[in-house]
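Each remark here refers to the structure printed beneath this line.
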Amino acid sequence: MMMTLQNHVRQQPGVAMMTLQNAMRPQPGQSMLLRDPVKMESGDQFGHSFSRSETFPSTSSSAGYEGVEIQADEDVMLAGAHQEYKAGNYKNALQHCLVVHNKNPQRTDALLLLGAIYYQLHDFDMCIAKNEEAIRIEPQFAECYGNMANALKEKGNIDLAIQYYSVAIELKPNFCDAWSNLASAYMRKGRLQEAAECCQHALTLNPRLVDAHSNLGNLLKAQGLTHHAYLCYVEAIRLQPTFAIAWSNLAGLLMEAGELQKALAYYKEAIRLKPNFADAHLNLGNVLKAIGRHQEAISCYNRSIQLRPDYAIAYGNLASVYYEQGLLDYAILYYKQALLLDSSFIEAYNNLGNALKDAGRVEESISCYENCLQLQNNHPQALTNLGNIYMEWNMISTAATFYKATLSVTTGLSAPYSNLATIYKQQGNYADAIACYNEVMRVDPMAADGLVNRGNTLKEIGRVSEAIQDYIRAVAIRPTMAEAHANLASAYKDSGHVEAAIKSYKQALFLRADFPEATCNLLHTLQCVCDWEDRDKKFTEIEAVVRRQIKMRLLPSVQPFHAIAYPIDPMLALEISRKYAEHCSLIASRYGVQSFSHPVAIPVKSGGGSGRLRIGYVSSDFGNHPLSHLMGSVFGMHNREHVEVFCYALSPSDGSEWRQRISVEAEHFTDVSAMASDAIAQLIDNNQIQILINLNGYTKGARNEIFAMRPAPIQVSYMGFPGTTGADYIDYLVTDELVSPLEYAHIYSEKIVHLPHCYFVNDYKQRNRDVLDPSIHMKRSDYGLPEDKFLFACFNQLYKMDPEIFSTWCRILKRVPNSALWLLRFPAAGETRLKAFAIAQGVRPDQIIFTDVAAKNEHIRRSGLADLFLDSPLCNAHTTGTDVLWAGLPMVTLPLEKMATRVAMSLCYAAGFGEEMVVSSMQEYEERAVMLATTPAILKTLTANLRASRLSSPLFDTIRWVRNFERSFFKMWNLYCSGAHPQPFKVFEDDVQFPNNQ
């Protein structure tokens, strides 16, 4: 059974599986917690002693009931008691037998029967007392020793029971019942070889002794020889078809084999044969519980309690049904009743702890688990469940200690492996997490939850194809598991199988309509392929879901990176980021890291100062990634006289030229991908970093918990995430006046730093100068593009588009004669939908042209084949915008309010042509595009001027940008040294703050 102690780490962009598992909750039909009392002896042992003679023994008999005649009235009364006993009417039998005993206290046959009756009434002390009375009269009375042994065994004194069975056998070597019952006692002690020998000896004495056949079956079952056990039970039933115990034991064997319907029928047969068979009623209840017939199970447990009011196990199993139904008050009540009856009932303590914990009574649950451990100090379930509590309290190291303690006791439980994997995963120790999930699958190869959790982990480290295989297996094992379908969809989406992703998300929602993560991720996937059916309605519903989640203090199902491109309120986007930032703080707290000792707040150039500012960059994108395409030269361009640069790579090397160049050119470059987050934070602190820069934000591969640990006194968000982090541990957001004007400061949690010109750096002047080479000619025909049409273009990912902007583009195409729109298969699954949308708007099919995505250099060079770039307002061209401007391709862009909607405007102004390319309304957007397309002279002049200014404009002056970035660092540090809190400021291109001490 899964315990939802989270979502604690959300799979991005899939669905996180609940990971912490309660150890050994009551399982339907199993005896691991609440043991099914399958009797080792017949359960009617005393009756066999009586059945051997037609007459009754006198007080002088030395062999039970063999003896002389007695008075007729005593004979009749005792015979009546015997018949009531055999009929199961034990209270009536007791009344008759007491009459005989009171008349003649010396009758050992009456004492033997009294002992038998008290045994069946579970008054084991009186059973022993009456047999002792008989032995005082007849010291050689073997049956009394055997029956006392039975009572002692029920009281748990197995060693003394074995001694008494041995005395009985010594007195009567052919006492086959005693041999059979001695076998059961040896079995209880784990002495299986001796138990087998006793059973065989009993059957040698009496091959028709059904008790011995049944006990031998139990012994073989305990050794895993289920087929041989089955044959023993069947033989007992053949010999005595009315032998209820054998039917019950056979039912137990079938139940464990999963043949629940047969088990149901055989337990019913046992009850038909022996209606007052409390154990059979209990086990019938277990079968009914296993097949989901809870009310009938409750009736069975109540019947077993009615038959045996002190039946602790029945109370425990009754509690377990109520627990599974979520009726915690009843569960707690009956677990406590079980413990009143049996204060050593270990599993009841554990299960009561689970129920109390679920009811929010955590301190009481801890007490129950501790009581359990006092009775059994290595109890694996209690150890695991205590670990779960400490996990919830964010005492991760303590939780891990309990899980490891469980695994030192047994490697046969999946829960501690699964929960330990959660800890390793949260700490970034993916290899150990996967190893633990492998152990989960070893313990339970059919554990769908384990497969999903392992798949999530594999997906996080980029092993998506393996993750997909795990999800597919999980779905095959449990087709109704909505989480498996949703995470399979996420993996399909990551691997480019968008249509398969949509299908799997829809299946998840079919299985569980109220599944916010699947709903939100399906919406994003549909946006990626421009499926805009009921789009406005869906966004309204999603916004309501998110507001409700935030009100309930839940992690929103819409991720911050998706929110930046959604038409939602900027303040709601801020709240989403805040919730994710709080979640990162929660993850950080689980490491138990103490506060770091930050560098002394002294200006670097003053006496005692460090001489250089120590700047740390943290990113998972040092490689073939747009961030490195843009910033590749930045890390080596810093002025080493004033700045010391440290790069911390969260991902292993991809072998690309960008990774190699950054690792060589940066003054310090460390691959920390294999390190836990707390170790990375400690390394940053050891390096005495003064300003730490987060280049990820809420993008793939981020480990924001490092920043939540505050390893540096000043922490900055830049570049990776074009929006607010919502984090109180991020002091500044580096941007510019156009992208993030102070009038919008309320939608950011950080203090705004305005760089001159454009905040968005690029590396094209250093790395892509071949675009400027006039000898390199590219032709439209190389890409299937029309040579004779005016070619509009948009190279943005399709999720950035929406019906409003695409309808505008369609109107532009219809207004501009002989024109076409060039788009990318980004992804390919959107092509058919967009073409159909355009045709429905009256656009000719040949006016919408798709090509494949190209490699970076080729993409930039071929961009110049278009005539005019049309930007998407909802989420601008950022890297793509820089690409096309470097290619000399003019654009039209419309800024909105959020950061991601205003970047292209800043690019255009920094390139020197903002007035020509930036508009203020959708109507103006359409008119500007049509004007430029239909006025060749104006467009030609704009294009020529844009191309001519590329080497001189601030937009492409990387060295100039780096110096301004460094100026912002010194301003931040000097403010910190003055004791001031972070505050917004603007960087000027002078040296007032850089590198001086003011």
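The values are calculated or read from the model by the stated rules, or taken from the named source; none is laboratory data. Just so it is clear, the structure is predicted and the values come from calculations on it, not from any experiment. Using ideal geometry, Cβ is built from the backbone for each residue, glycine included, and neighbour counts are taken over all protein chains shown.
What are the residues in region 375-397 that are more than 17 Å from ASN354 (Cβ to Cβ) and either modelled with pLDDT of 95 or more or surrounded by 16 or more Cβ atoms within 10 Å (Cβ to Cβ) (or both), if any?
Across region 375-397, the qualifying residues are ASN394, MET395, ILE396.
Looking at (1) surrounded by fewer than 19 Cβ atoms within 10 Å (Cβ to Cβ); (2) in contact (Cβ under 8 Å) with a residue 12 or more places away in the chain, which is the one condition that is false for THR832?
Looking at each condition in turn, THR832 falls short on (2).
Do you know which of the residues in region 718-744 that are over 33 Å from the mean Cα position of the chain (by Cα) and without any contact (Cβ under 8 Å) to a residue 24 or more places away in the chain is surrounded by the most Cβ atoms within 10 Å (Cβ to Cβ)?
PRO741
Quick check: anything in region 868-889 more than 18 Å from LEU798 (Cα to Cα), among the charged types (D, E, K, R) and touching a residue at least 12 places away in the same chain (Cβ under 8 Å)?
No; the residues of region 868-889 include none that is more than 18 Å from LEU798 (Cα to Cα), among the charged types (D, E, K, R) and touching a residue at least 12 places away in the same chain (Cβ under 8 Å).
Within 22 Å of the chain's Cα centre (by Cα), surrounded by fewer than 20 Cβ atoms within 10 Å (Cβ to Cβ), modelled with pLDDT under 95 and of a type in the set (Lys, Arg), is that true of ARG553?
Yes, satisfied.
How many residues are among the small types (Gly, Ala, Ser) and buried (at least 19 other Cβ atoms within 10 Å of the Cβ) when one looks only at region 648-672?
Of the residues in that region, 3 qualify.
I need the helices (runs of 4 or more DSSP H) fully contained in region 602-670, keeping only those with at least 2 residues that are more than 21 Å from PRO722 (Cα to Cα), outside the structural domain of MET719 (by TED's automatic domain parsing) and not acidic (Asp, Glu).
none
Out of curiosity, is GLY428 surrounded by fewer than 19 Cβ atoms within 10 Å (Cβ to Cβ), out of contact with any strand residue (DSSP E or B) (no Cβ under 9 Å at 6 or more places or on another chain) and part of a loop (DSSP other than H, G, I, E, B)?
Considered against the rule, which asks whether it is surrounded by fewer than 19 Cβ atoms within 10 Å (Cβ to Cβ), out of contact with any strand residue (DSSP E or B) (no Cβ under 9 Å at 6 or more places or on another chain) and part of a loop (DSSP other than H, G, I, E, B), GLY428 comes out as no.
Give region 532-561 a look and list any residue that's assigned to a loop (DSSP other than H, G, I, E, B) and either within 26 Å of GLY720 (Cα to Cα) or out of contact with any helix residue (DSSP H, G or I) (no Cβ under 6 Å at 6 or more places or on another chain) (or both), or say none.
GLU533, ASP534, MET552, ARG553, LEU554, LEU555, PRO556, SER557, VAL558, GLN559
Filter region 673-708 down to the residues that are under 25 Å from the mean Cα position of the chain (by Cα) and among the β-branched types (Val, Ile, Thr) and list them by number.
Of everything in region 673-708, those that are under 25 Å from the mean Cα position of the chain (by Cα) and among the β-branched types (Val, Ile, Thr) turn out to be ILE680, THR699, ILE706.
Please list, ordered by first then second residue, the pairs with beta carbon atoms under 6 Å, 6 or more apart or interchain, first in region 155-171 and free of Cβ contacts under 8 Å to residues at least 40 places away in the same chain, second surrounded by fewer than 18 Cβ atoms within 10 Å (Cβ to Cβ) and of a type in the set (D, E, K, R).
Short answer, once both residue conditions are applied: ILE158/ARG188; ILE158/LYS189.
Return the pairs, sorted by first residue and then second, in which the second residue is hydrophobic (A, V, I, L, M, F, W, C), the first residue lies in region 359-380 and is touching a residue at least 40 places away in the same chain (Cβ under 8 Å), the beta carbons are less than 9 Å apart, and the residues are 6+ apart or on different chains.
Taking only residues 6 or more apart or on different chains, the pairs are PRO380/ALA23; PRO380/MET24; PRO380/ALA405; PRO380/LEU407; PRO380/VAL409; PRO380/LEU413; PRO380/ALA415.
Can you list residue pairs whose Cβ atoms sit under 6 Å apart, with the first residue in region 441-468 being outside the structural domain of GLY701 (by TED's automatic domain parsing) and in a helix (DSSP H, G or I) and the second being among the aromatic types (Phe, Trp, Tyr) and crowded, with 23+ Cβ neighbours inside 10 Å? Count only pairs 6 or more apart in sequence or on different chains.
Here the result reads GLY450/TYR437; ASN453/TYR437; ARG454/TYR437; GLY455/TYR471, each pair linking region 441-468 to a residue that is among the aromatic types (Phe, Trp, Tyr) and crowded, with 23+ Cβ neighbours inside 10 Å.
It is to be established whether one or more residues within region 943-961 are surrounded by fewer than 20 Cβ atoms within 10 Å (Cβ to Cβ), over 25 Å from SER717 (Cα atoms) and of a type in the set (Val, Ile, Thr).
Yes, region 943-961 contains at least one residue that is surrounded by fewer than 20 Cβ atoms within 10 Å (Cβ to Cβ), over 25 Å from SER717 (Cα atoms) and of a type in the set (Val, Ile, Thr).
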